[in-house]
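J.: What follows is a single structure, and I will ask about it in a moment.
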Amino acid sequence: MKQRAIESAVILMIMFHFIIALENSSFQVQTAVETVQEELVEKGFENVVVRQKSDELTIEYENRRYRNQISAIGVVLAIASDKEKTSETFHLIPKNRDIPLVTISTERKSYSDFMEGQISEETYADKIQITHHVSSPGEDHLFDYYQTSKANRSIWKLDLLLKPHVNMIFGGSPDKCLTELNLIPELSLSPITGMKISGMILLSVVDEISSWNKPVRPGRIVINQTFRLPQNLFFSATAGHFDLSNYGLSTELVWLTEKNLSLGFSSAYTGSYSYYEHVWEHLEMDNWTNLGRVSYKVPAWDFTASLDFGQFLYNDRGVRMNLSRDFGETTFGFFAYVTDEDKEGGFMIKFPISPVQKSSVGRCRINFPDSFTWTYRYSSTRSAKYLKNGNSIDSFMKTLYPSHIINNLKKIKQAKKFI
Amino acid sequence: MSIFVLISIFIPSRIRAGTGLNGIHGLINTPGAYISDDASWELGVSFIPYEYSVNQDFYDSYYYASIGFLPFLEINLKVVDNEDTTTLGGWRDRVISFKLQFLKERQYLPALAAGIHDIYGTRLFHALYLVGSKSFTINPLLQFNLHLGYAGDRLEAEIYKLNGVFGGAELNITDYTALMGEYDSDKFNVGLSLSIPHLFEEKPVMGRIFSALSHMSFKFDLLGMKFPSGGLSFTFYPGG
């Protein structure tokens, strides 16, 4: 009897210590996950959620701190691998306006080997997995997971961008080059997930082209809501005053496949407006712009070919081909179009202008846009023009396409300097 | 000469090829079948004497950008500035050109390319051509390149910069010097191209200065074997 009591007590003590050990280990896991989240928030990342499931660590984040999105991936991986030692696989989900864009998955060992120079960029490109598909924690309900609450939310934070704008016309005599230079402050904020409200004014610095003859005039004032739908579909709707004195409603639907191909359709119903002597005048909305788009990215060269077809902004119908290539953060492309009114082309160039590391987004931040884009058309015709609403899904993706990430993995290694 | 030495002449090592006055890879006025390094950008300026300018009264200045857009496609954007002070302050012309290399050089086969200059607009600098190039490595310091092509007048243009047979040769002495001679379907031209080696790599200040200078190249040419011309350019890789 006495021996049975002792045996029972020993078994109870063993069970008690086992339960205590279990609780201690899960507490340590929670602490490491929360440490990763704290470090990311300190680095300026927003909408940060960190999730642990067996030996996989998933990090959702939004980057408005680092100019290059792949550098941001490098910073997140560096922090995750340093502060959380038990996970063997990392899944990164970068977001925009709290909407997930893409999933980047890497084994800890592959990442470490790449950072230490034991494997080349080409080899690491074969090991890292990048997909437009984003899984939610509930999808694999067989495993338990631990998830932090969302930290450093991006909603209701004001961002003031100071954008330069240049327009040039080369021609014959007497003026060989006519120039228009504007400074455009743009204020924006995101009140709910996927929404953006923005407004801008144009401050004229040099104006040899337009007939406005006003130092200050209103620019684009819009409200946009973007949704991520199942099957890698993105839908965007924008209303307000657009560029080129158009107002109305525009929508865009894009399907991003996993084969570097995307299909899209955009439709807009607009009218013209004018602003003179503090008076707005809106003409009747009677203009439809309907365009289909097929786009293909060639990963080997970070090259994109796209074809737009349908009815353009000024009711001309035809096709427009765009070919562009990303050289790191610089993009060069050219386009050609054939419509029922004209056939011509031009080129575009985009290069970075903001610092590589910007200030964190607090209640209000002033900064420069990440890049400056200049499009040059051979002549100043109105053919094959797009409606510019400032919220295209392509810009919403923030260059986070698998082909672009794969071609710029060296940025992950170079991100060490930000830690 | 032993058979092995003879064969080794045909084996292309690194092919050294520079750009002409218009920024297109080739000799002086004629293109070759080699194209810009993939993902390279070259910005340059050239001076054309009035004897060979568009209006032959005032000199032309070329401001160009040549981009290795794809491994087989070179794009050239050029603005031509003519300082004709008699006609309301001069004029400017915009030129866009493409060159597509459809065959890379092999041991016994030349590189082949097709190109079009001044594809649209007034076509004051137009050319539509096929060209082949072959390199011969004589020794590690000397490389000899031959270029031969034909340009047609299939598209209507104001001025054909190349029309008929054209070709030339260049002798590359190390990576930094090239002597060139060509026939551009109108006249014979000779030229010299120089670039600066990256010296003093271990020195912090001088090393950086020479690192920047090593991206530049200088051209000195005699058009029609009489009239001096030249230019300078800067090559870089924006993607790193």
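The values are calculated or read from the model by the stated rules, or taken from the named source; none is laboratory data. Computed from a prediction, not measured in an experiment: that's the story for all the values here. Virtual Cβ from ideal backbone geometry, glycine too; neighbours counted across all protein chains shown.
J.: Given the conditions (1) of a type outside the set (S, T, N, Q); (2) part of a loop (DSSP other than H, G, I, E, B); (3) within 27 Å of A:SER379 (Cβ to Cβ), and given that B:GLY115 satisfies all but one, which numbered condition is not satisfied?
T.: (2)
J.: Of the residues in segment A:342-365, how many are part of a loop (DSSP other than H, G, I, E, B) and either among the aliphatic types (A, V, I, L, M) or closer than 26 Å to A:ASN407 by Cα (or both)? Break it down stepwise before answering.
T.: We begin by selecting, within segment A:342-365, every residue part of a loop (DSSP other than H, G, I, E, B); these are A:342, A:353-356, A:358-363.
Next, from what is left, pick out any that are either among the aliphatic types (A, V, I, L, M) or closer than 26 Å to A:ASN407 by Cα (or both): A:353-356, A:358, A:361.
Here the count works out to 6.
Okay, residues lined up against (1) in a strand (DSSP E or B); (2) within 14 Å of chain B (Cβ to nearest Cβ); (3) modelled with pLDDT of 95 or more; (4) under 29 Å from A:VAL134 (Cα atoms):
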residue: A:GLY172; (1), (2), (3), (4): no, yes, no, no
residue: A:ASN182; (1), (2), (3), (4): yes, no, no, no
residue: A:VAL222; (1), (2), (3), (4): yes, no, yes, yes
residue: A:PHE234; (1), (2), (3), (4): yes, no, yes, yes
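J.: Is it the case that segment B:130-152 has a residue that's away from chain A (no Cβ under 14 Å) and under 18 Å from B:TYR64 (Cβ atoms)?
T.: no
J.: Still on this structure, I have one more. List the helices (runs of 4 or more DSSP H) that sit entirely inside segment A:65-161 and contain at least 3 residues that are buried (at least 18 other Cβ atoms within 10 Å of the Cβ).
T.: Details: elements: A:69-83, A:108-115, A:121-127.
Per the criteria, A:69-83, A:108-115.
J.: State all residues of segment B:141-169 that are touching a residue at least 60 places away in the same chain (Cβ under 8 Å) and more than 18 Å from B:GLY26 (Cα to Cα); if no residue qualifies, say none.
T.: Passing the criteria: only B:ILE159.
J.: Just wondering, is there one or more residues in segment A:155-162 that are more than 30 Å from A:ARG363 (Cα to Cα), at pLDDT 90 or above and of a type in the set (Val, Ile, Thr)?
T.: No, the conditions are met nowhere in segment A:155-162.
J.: If you don't mind, another one. Could you tell me whether B:ILE67 is modelled with pLDDT under 95 and of a type in the set (A, V, I, L, M)?
T.: The answer is no for B:ILE67.
J.: So, in segment B:86-104, of the ones that are at the interface with another protein chain (Cβ under 7 Å from one of its Cβ atoms), modelled with pLDDT under 85 and in a strand (DSSP E or B), which residue ends up nearest to B:PRO31 (Cα to Cα)?
T.: Checked segment B:86-104; the qualifying residue nearest to B:PRO31 (Cα to Cα) is B:ARG92.
J.: Within the group A:SER262, A:SER188, which residue is small (Gly, Ala, Ser), in a strand (DSSP E or B) and more than 26 Å from A:ARG153 (Cβ to Cβ)? Explain how you work it out, then say what you get.
T.: Values: A:SER188 fails: more than 26 Å from A:ARG153 (Cβ to Cβ).
The unique qualifying residue is A:SER262.
J.: Is segment A:362-372 home to any residue that is among the hydroxyl-bearing types (Ser, Thr, Tyr) and away from every other protein chain (no Cβ under 14 Å)?
T.: Taking every residue of segment A:362-372 in turn, none turns out to be among the hydroxyl-bearing types (Ser, Thr, Tyr) and away from every other protein chain (no Cβ under 14 Å).
J.: Whether any residue in segment A:276-293 is in a strand (DSSP E or B), in contact with a helix residue (DSSP H, G or I) (Cβ under 7 Å, 6 or more places away or on another chain) and buried (at least 20 other Cβ atoms within 10 Å of the Cβ) is what I want to check. Give the steps one after another, and end with the answer.
T.: Step one: filter segment A:276-293 for residues in a strand (DSSP E or B), giving A:276, A:279-282, A:287-293.
Restricting the remaining residues to those that are in contact with a helix residue (DSSP H, G or I) (Cβ under 7 Å, 6 or more places away or on another chain) gives none.
The answer is no, given that none of the residues of segment A:276-293 is in a strand (DSSP E or B), in contact with a helix residue (DSSP H, G or I) (Cβ under 7 Å, 6 or more places away or on another chain) and buried (at least 20 other Cβ atoms within 10 Å of the Cβ).
J.: Right, here's the next one. Restricting to segment A:386-400, what's the tally of residues that are modelled with pLDDT of 95 or more, assigned to a loop (DSSP other than H, G, I, E, B) and either farther than 21 Å from A:PHE372 by Cβ or aliphatic (A, V, I, L, M) (or both)?
T.: 2
J.: Considering only residues of segment B:194-240 that are within 21 Å of B:TYR59 (Cβ to Cβ) and of a type in the set (Phe, Trp, Tyr), which is farthest from the other protein chains (Cβ to nearest Cβ)?
T.: B:PHE220
J.: If you don't mind, another one. Yes or no: B:ALA113 more than 16 Å from B:SER36 (Cα to Cα), in contact with a Lys or Arg (Cβ under 9 Å, 6 or more places away or on another chain), buried (at least 19 other Cβ atoms within 10 Å of the Cβ) and modelled with pLDDT of 95 or more?
T.: Considered against the rule, which asks whether it is more than 16 Å from B:SER36 (Cα to Cα), in contact with a Lys or Arg (Cβ under 9 Å, 6 or more places away or on another chain), buried (at least 19 other Cβ atoms within 10 Å of the Cβ) and modelled with pLDDT of 95 or more, B:ALA113 comes out as no.
J.: Go through A:SER188, A:SER262, A:SER198 for me and flag whichever is touching a residue at least 12 places away in the same chain (Cβ under 8 Å) and over 24 Å from A:ASN47 (Cα atoms).
T.: Of A:SER188, A:SER262, A:SER198, the one residue that is touching a residue at least 12 places away in the same chain (Cβ under 8 Å) and over 24 Å from A:ASN47 (Cα atoms) is A:SER262.
J.: Identify the single condition in (1) within 14 Å of another protein chain (Cβ to nearest Cβ); (2) under 21 Å from the mean Cα position of the chain (by Cα) that B:THR122 does not satisfy, given that it satisfies every other one.
T.: The failed condition is (2).
J.: Something else now. Which ones in segment A:318-341 are within 8 Å of chain B (Cβ to nearest Cβ), among the charged types (D, E, K, R) and either surrounded by fewer than 20 Cβ atoms within 10 Å (Cβ to Cβ) or in a loop (DSSP other than H, G, I, E, B) (or both)?
T.: Hit for segment A:318-341 is A:GLU329, nothing else.
Conditions tested, residue by residue: (1) on the phi < 0 side of the Ramachandran plot; (2) over 16 Å from the mean Cα position of the chain (by Cα); (3) modelled with pLDDT of 95 or more.
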{"site": "A:ALA32", "(1), (2), (3)": "yes, yes, no"}
{"site": "A:LEU40", "(1), (2), (3)": "yes, yes, yes"}
{"site": "A:LYS53", "(1), (2), (3)": "yes, yes, no"}
{"site": "A:GLU60", "(1), (2), (3)": "yes, no, yes"}
{"site": "A:ASN63", "(1), (2), (3)": "yes, no, yes"}
{"site": "A:ALA80", "(1), (2), (3)": "yes, yes, yes"}
{"site": "A:ASN96", "(1), (2), (3)": "yes, no, yes"}
{"site": "A:GLU107", "(1), (2), (3)": "yes, yes, yes"}
{"site": "A:SER112", "(1), (2), (3)": "yes, yes, yes"}
